[in-house]
Amino acid sequence: MEAEEVNTSNALETPDSRAGDRLVAATVRRGGPWPAVLAVAAVTGAVCELVLPFATGLTIDGFVTAAPGRTTWLAVCAALVTGIVVCEAAAVWARGATGAHASAWLRRTLVRSILGAGDAMRSRFAEGDLVTRAGLNAEEAGRAPESLVGGLALTVPTVGGLVALTLIDPLLTIALVAGIALVLLVLRAFMRAGTAIAAGYQDAQGRIATALIDALNGVRTIAAAGTEQRETARVLAPLPALRACGMDLWRVTAGAGAKAGVLVPVVEVAVLAAGGLRMAAGELTVGELYAAARYAVLGLALSTVLGYAGGLARARSAAGRVASVLAVPPVRHGDRTLPPGPGTVEFHGVAAPGLDVGDLVIDGGSTTAVVGRSGAGKSLLAALAGRLTDPERGTVTLDGVPLTDLSRAELRHAVGFAFARPVLMGGTVSEAIGLGADDSTTRAAARAACADEFIRRLPRGYATPVAEAPLSGGERQRVGLARAFAQAHRLLVLDDATSSLDTVTERRVSEALATGTAARTRLIVAHRPGTAARADDVIWLEDGRVRARGTHRELWADPAYRAVFQRHSPPAETPRTAVPEEAVT
């Protein structure tokens, strides 16, 4: 237990925890008007509960002594009960609205942060973990305002009960103060343990989500290999940890609830006993004794804060997980625009993890192929050229302007990307290609990517919703190419974007690149010798460095270069043959 307490203490002192507490405070401010409504309803209801014992006591004394005005106090009691019911109903409504507003704000903020950070976010968090943080954890953190406001509202009856009991008889306050002190100690221990345990529970949820998304991405491979049971076990491997955290949280909650629950009747009995002696001595009336007993219970209202404390503990740990995502800085853009130019890309002393190309120039208007074995750094070089990521060292410029100095709009207007497995955005196929471009630009780009013909055959042509478009892998890749053609005005980057195309279609796309987009610079990550042969220049990467550069015909004389395209044959076994036709066409 001592070790557990030390770990819990350390967990509460982490930077994520402190950032999470700041985020909890921010959710209260971002809950719209509802936290204020919740606070007013909770406080008003608490005040009514405080006045009710006083009014009830006077009513009892009035009926015992047949004093005038007893029916008036009875009406006051009825009004107070009605007020308590109305306030509770308003509080329930406000709690739901507060959580919805706060969760929505957190999700919007998270999605903007995730998309704004780009590759830096993916390098720090797994996809499933990000989904869990943006979904479940954001919802849990969004409940912080209702837990916080609800818990703080319980201080009203506590303070009011102390004051009222002191006014009735100061000696009766001693038992209540002792009980409140014990309740606070129980709550403090519960919050420390509950926050740490909830963090472990949420981490296990994130690991399950990560493994599940990995399995879904490879579901066809799993089915083909017949490894469903093994993958099921892998996905559910964190379940024991999840169960252990759940059981620990249940034990902590049950223990704290039992301790707090015992204190209420003990303190009430103590107050009744002391009050009974005072009443026997003629110093208290029956109504005052009843009020004292009720105020003792109200003074211990903090004992009922356990539910709010549990919610706040889960919200704090969830907010810490959300805050760690928000801490990843977004990509910063400048405000410069590009001067007239052909699209020359220059690398000045550029290095990134796994890649060190130093100084490199890609001539404007040229087609440059990047080749190399898997892991050589081809995709990273392409990402650096269009600023999907930034180098650790050095500068990348486009027509003499550092990419980091360009505005976001100017950068994305100048550079277009196409990938092996494109994600199609937009409501319709036309929107997925044009992303706001006019119809003529959209259709010209589709024709250049050899996509126009099959798009016209879709149920509603270019107006077919993306979700309803029955696209094969190659067709989806051609739509992605069309999008790149429509967007790129200075530099076009194709990262394995023709891998799913047949040879004839790839040749037609290559011809469109060479004839229809002469004003653009083309940087192509190539895996086929025919693609490299049609390029003006080839950059050959090996182990993150430029091994050689030249035309495809010049480099083909090197057996190691030929081996790059012959994946199943090592360089030593590659015969020195004449250059094949596909390598030079």
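Of the residues 406, 106, 151, the one whose Cα sits farthest towards the positive end of the charge dipole of the chain is 406 (charges of +1 on Lys and Arg Cβ, -1 on Asp and Glu Cβ, taken about the Cα centre).
Within the assembled protein chains, the solvent-accessible surface assigned to residue 191 is about 40 Å², based on a 1.4 Å probe. Phi angles across the stretch 419-426 convert, under the Karplus curve 6.51 cos²θ - 1.76 cosθ + 1.60 with θ = phi - 60°, into 3J(HN,Hα) values of 10, 5, 10, x, 9, 8, 9, x Hz, Gly and Pro given as x. So what is log10(I(q)/I(0)) for the chain at q = 0.05, 0.06, 0.10, 0.13 1/Å, when the Debye sum runs over its Cα atoms only? Here the Debye-derived log intensity ratios amount to -0.38, -0.51, -0.96, -1.31. In a simple Cβ point-charge model (Lys, Arg +1; Asp, Glu -1; nothing else charged), the chain has a dipole of about 640 debye relative to its Cα centre. Entry for the stretch 144-269 at q = 0.15 Å⁻¹: log10 I(q)/I(0) = -0.83, Debye formula applied to identical alpha-carbon scatterers, no solvent contribution.
Only helices enter the 222 nm calculation for the chain: every DSSP H run of n ≥ 4 contributes -39,500 (n - 2.57), and dividing by all residues gives -20500 deg cm²/dmol, rounded to 500. Fully extending the segment from residue 78 to residue 421 would add 116.7 nm, taking 0.36 nm per residue of separation and subtracting the current Cα-Cα distance. Subtracting the Cα-Cα distance of residue 63 and residue 363 from 0.36 nm times their residue separation leaves 98.0 nm of extension gain. Solvent-accessible surface of protein heavy atoms, probed at 1.4 angstrom with all chains present, puts 540, 34 in the order 34, 540, largest first.
Placing unit charges on the Cβ atoms only, positive for Lys and Arg and negative for Asp and Glu, gives the stretch 313-402 a dipole magnitude near 740 debye about its Cα centre. When each of the peptides 195-207, 418-430 is scored by how many other beta carbons lie within 10 Å of its residues on average, the order from highest to lowest is 195-207, 418-430.
Temperature 37 °C, viscosity 0.692 mPa s: under these conditions the Stokes-Einstein estimate for the stretch 245-398, based on its Kirkwood radius over C-alpha pairs, is 143 µm² per second. Each Cα pair under 8 Å and six or more residues apart adds its sequence gap; the mean of these over the residue count of the chain is a relative contact order of 15 percent. Only protein heavy atoms count here; under a 1.4 Å probe, residue 84 has an accessible surface of about 40 Å².
Remark: accessible surface ordering of 60, 433 (largest first) is 60, 433, probe radius 1.4 Å. Please identify the DSSP H helices in the chain that span no less than 27 Å along the helix axis (Cα) and have a mean Kyte-Doolittle hydropathy of 0.5 or more. Helices meeting the span and hydropathy rule in the chain are 34-65, 70-117, 173-217, 239-280, 306-326. A cut-off of 5 Å between modelled amide H atoms, ignoring neighbours fewer than 5 places along the same chain, links residue 547 with 540, 541, 542. When the Cα positions of 37, 395, 174 are compared along the charge dipole of the chain, 395 comes out farthest toward the positive end, with charges on each C-beta of Lys, Arg, Asp and Glu.
Residues whose amide H lies under 5 Å from that of residue 284, counting only those 5 or more places away or on a different chain, are 279; hydrogens are built 1.01 Å from N in the peptide plane. Other residues within the sphere of radius under 12 Å centred on the Cβ of residue 310, judged by their own Cβ, net out at +2 (K and R +1, D and E -1). Between residue 70 and residue 262, full extension at 0.36 nm per residue minus the direct alpha carbon distance yields a gain of 65.6 nm.
Couplings for the stretch 357-370, taken from phi via the Karplus curve 6.51 cos²θ - 1.76 cosθ + 1.60 with θ = phi - 60°, read 9, x, 9, 8, 10, 10, 4, x, x, 8, 10, 10, 9, 10 Hz in order; Gly and Pro are left as x. Using θ = phi - 60° in the Karplus curve 6.51 cos²θ - 1.76 cosθ + 1.60, the 3J(HN,Hα) couplings for the stretch 331-342 round to 5, 8, 10, x, 10, 7, 10, 7, x, x, x, x Hz; x is entered for Gly and Pro. Cβ-Cβ distance of residue 549 and residue 335, R₀ of 35 Å, FRET efficiency by 1/(1 + (r/R0)^6): the value works out to about 0.50. Surface calculation, 1.4 Å probe, protein heavy atoms: residue 213 sits at approximately 40 Å² accessible. Figure note: 495, 543 ranked by solvent-accessible area, largest first, 1.4 Å probe, ligands and nucleic acids not counted: 543, 495.
The values are calculated or read from the model by the stated rules, or taken from the named source; none is laboratory data. Note that the coordinates shown come from a computational prediction; the quantities given were computed from them, not determined experimentally. Methodologically, a virtual Cβ is constructed for each residue, glycine included, from the backbone with ideal geometry; neighbour enumeration extends over all protein chains shown. To get the accessible areas, we keep the full protein, side chains included, count just its heavy atoms, and leave off ligands, DNA and RNA. Shrake-Rupley method; radii C 1.70, N 1.55, O 1.52, S 1.80 Å.
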